[in-house]
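Down below is the structure, laid out as structure tokens.
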Amino acid sequence: MTTNSLTAAAQAAASASARPPRRRQHYSPREILLGVLFCVPAVAGLGTFVIFPLFQAIFLSTRGTDINGNPSRSVGMDNFAQLFTPEFGEVLMHTLVFTLFVVVVGVVGPLALAVPLAQRLPGMRVFRTLFTLPFAYSASAASVVWLLMLDPSMSPVNWALRVIGITAPEWTVQSPWALITVAWATVWVVAGFNLLVIGAGLAGVDEDVLEAARIDGASGPRTFFSVVLPMISPSLFFVIVTTTLTSLQALGQVQVMTDGGPNGATRTLVFSIFNNAFENGNNEYGLASAQGLVLLIVGIVLAVIQFGVIERRVHYR
Amino acid sequence: MRMTVRRGFGALAIAMAAALTAVGCSSAANSGGGTSGGDAAAPGPDVLNGKGQVEITFWHAMGGTNGEALQKLVEQFNNQNKGKIHVTVNYKGKYDDALAAYKNASAQQRPDLIQMYDIGTRYMIDSKSVVPVQSFVDVDKYDVSDIQPNIAGYYTVDKKLYSLPFNTSMPLMYINREAFQKAGLDPDKPPTTLEDIMADAKKIKATSGETVKFGFGATLYGWFVEQWNAVADQPICDADNGRTGRASKVMLNTPTNQKLFTWWQDMIKQGLAMKLDSNTDNGDNAFSSGTVAMALESTGSLGGFVKGAAEAAHPFTVGTGYFPKVDAANTGGPIIGGASLWITNRGDQVKERAAWELVKFLGSKESQVTWHTSTGYFPISKGALDDPADKQWVSQKPQFATAIKQLQGTKLDFATQGCSVGEMPSVRKEVENGLQAAMLQGKDVTEALTGVENAANKKIADYNAKLGG
């Protein structure tokens, strides 16, 4: 759509101006060849990694595998019918809760930390580095760290809770907690990166604007919500989008921490796709592809919402 | 506006890429299954003559010390067969991963030899991608009488020995001897029934100054449920555990399992059993760190437990007992777990023969003595247990004598052979889901067991339908 309107605009501009541009409508074969050549790498990459797999996923989603994992039978819409079961509904629900938790906690938390860190006080550099450090962890490594932190036999977290008189829940084996625990490990990883981005956004807020607000008599909270927040909205929007995508793709942390348990209470969408396709000798490529298409649709819908609705409120300077 | 749209496409591309990396990987779905297993006569030893050095690949699932021991054995084989056969070993991760890798591989990508766990047996036969070991046994007039009959029984289907057992383990009851002594219990008489376990756990809990937190703690591992049913002499699949016909359904919602699940729930409710998940690593840590006084695990974990117990915050000594019975009157015995070696059919008789030479080497008495003493797996060779080096090892590890007695005391029938069904790995996972539902989510026992039965039966029906179509 963009390209079309651009070309139309260019043509309009061309016809409005003098003659020379009209000649440009006839491209020499060499130019066409060059144009095509320049497109080849992009088209080849897109074709190999996006378009071909997409069509293959659509094809596979109508197939059933034999016992050796060959997608040899057509099963029609059977795999899609399996998407309308309570089991898959639960998977979507877990994914939703997980994503909401990670996005809300993983954005608000770093924001709350970034505001005091942006103050020019001594020692803040050290704290900023410390809080950003989890960013260097992979999700799987962070999961192992948190598993140890919450291990029922030697958990320092449980010990600390006991000191203040709270009995710790069974973090990874109790139903609602397991999902929160996995989400928390994810928050821990994304928070570092988000802090970095939000911190950079805060550093870019113009002192003059803040001073103007102060002179106008705005209180601290008022300054934050009416001046600072709009000014860092591009950074906030960016971390919301990346955090959403990261949490939608959660796989390693679920595998390491709970393997989908207890009784499927931490099965998220990507975990379910991977599990159906590759784990335990399941080889249900058809069902996995159908679920993959659901993930694609979820991704598109979220992108449309985020860019169509939320971004309108984003203030780019 | 232009910026926004372009960014929009960028995000779309990211979302698509996210979705597609997941589904796109399924392009690894292979094509071209194995050619027919066939009963054609296996190639004799002459086929290797004049072929130069034959290269074969061997996939296995032995990590840590066990993997090192296997590597050493294969190196020994390579040295003995210099210029004739060279084996490349490839560690594929856990058993489940090795099975998944085999299923995900195309016929060309498959190895010449693979170590497959017990419950993968029926699938391997159904896959028609293997050469039954029996055909080599027949050609070579290979003497199989040295193999422990209970072990050979597991891998004999339709009167054919399909694979050569290699590493064999049984489940045992492990106890913390000091915790028993402090509670006034006899550590030489570990509990043998569920009631006994509960009674002992209560005594341990009531002991003042006890550092152990729970009397009992076992991983919610589907394998144990299979064992309890075998000990109760009850087949868990129809058609005599799939041994006299193709199994079509499981029988899990039985009084035995209801009693077992209810007992386990009670143990947790009363604070006598630790809440664990289905990851055996966590269960193993709970025992070797001294958190629980009684645990269930395979004989293969003995070495790790003894080492862990000595290094625990409150060091203790490890004792062993028979796998417990659900009812004192139970007459069966545990199933022989572990894995066996499968020769794959890739249409190259030279490689098949070379793989068989390696299988013979690994199953030999000498190799089994080395294997047993360096890993703690049960030797498949009867002769290995009479070997002086082996006898000395056993005398140093009195806990292992329990395993030998338990194996020799187990009668061989359909129940103690375990269920032979192609979807056994999935059935085990469903049982684990049921255990998690009952123990961790507090679901009603009958409801949990019915759920397991339905889910498992659906998987088996799907599998059998795939075989037909």
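Miscellaneous remarks
- Residue count for region B:82-109 under the criterion of being within 18 Å of B:Met62 (Cα to Cα) and open to solvent by less than 20 Å² (accessible area, probe 1.4 Å): the result is 6.
- Helices (runs of 4 or more DSSP H) enclosed by region B:95-170 - at least 2 residues per element that are aromatic (Phe, Trp, Tyr), over 17 Å from B:Glu423 (Cβ atoms) and away from every other protein chain (no Cβ under 14 Å): B:149-155
- The helices (runs of 4 or more DSSP H) falling completely within region B:246-349 that include 3 or more residues that are open to solvent by 60 Å² or more (accessible area, probe 1.4 Å) map to B:255-269, B:302-311.
- Top-ranked residue of region B:364-411 - restricted to ones that are open to solvent by less than 20 Å² (accessible area, probe 1.4 Å) and of a type in the set (Gly, Ala, Ser), ranked as modelled with the lowest pLDDT: B:Gly376
- Members of region A:147-158 that are open to solvent by 70 Å² or more (accessible area, probe 1.4 Å) and either free of Cβ contacts under 8 Å to residues at least 12 places away in the same chain or touching a Pro at 6+ places or on another chain (Cβ under 9 Å) (or both): A:Leu148, A:Met154
- All told, B:Gly304 meets the bar of being more than 14 Å from chain A (Cβ to nearest Cβ) and not aliphatic (A, V, I, L, M).
- Unique residue being within 21 Å of B:Pro334 (Cβ to Cβ) and in the same structural domain as B:Leu302 (by TED's automatic domain parsing) when the list is B:Val394, B:Val445, B:Val421: B:Val421
- Check on B:Gln349, among the polar types (S, T, N, Q) and assigned by TED's automatic domain parsing to the domain that holds B:Leu113: yes
- Cross-chain or 6+ apart pairs with Cβ under 9 Å, region A:277-298 first and farther than 16 Å from A:Asp78 by Cβ and more than 7 Å from chain B (Cβ to nearest Cβ), then of a type in the set (Val, Ile, Thr) and crowded, with 22+ Cβ neighbours inside 10 Å: A:Val298/A:Thr95
- Hits in region A:59-74 (condition: more than 9 Å from chain B (Cβ to nearest Cβ) and either crowded, with 18+ Cβ neighbours inside 10 Å or under 31 Å from the mean Cα position of the chain (by Cα) (or both)): A:Phe59, A:Thr62
- A residue that is part of a helix (DSSP H, G or I), in the same structural domain as B:Glu453 (by TED's automatic domain parsing), on the phi > 0 side of the Ramachandran plot and open to solvent by 50 Å² or more (accessible area, probe 1.4 Å) can be found somewhere in region B:226-240.
- Residue, surrounded by the fewest Cβ atoms within 10 Å (Cβ to Cβ), within region A:159-176, restricted to residues that are assigned to a helix (DSSP H, G or I) and within 12 Å of chain B (Cβ to nearest Cβ): A:Pro176
The values are calculated or read from the model by the stated rules, or taken from the named source; none is laboratory data. This is a predicted model, so every value here is computed, not measured. So basically every Cβ, Gly included, is an ideal-geometry build from the backbone, and we count neighbours across all protein chains shown. Heavy atoms of the whole protein, side chains included, go into the accessibility calculation; ligands, DNA and RNA do not. Shrake-Rupley method; radii C 1.70, N 1.55, O 1.52, S 1.80 Å.
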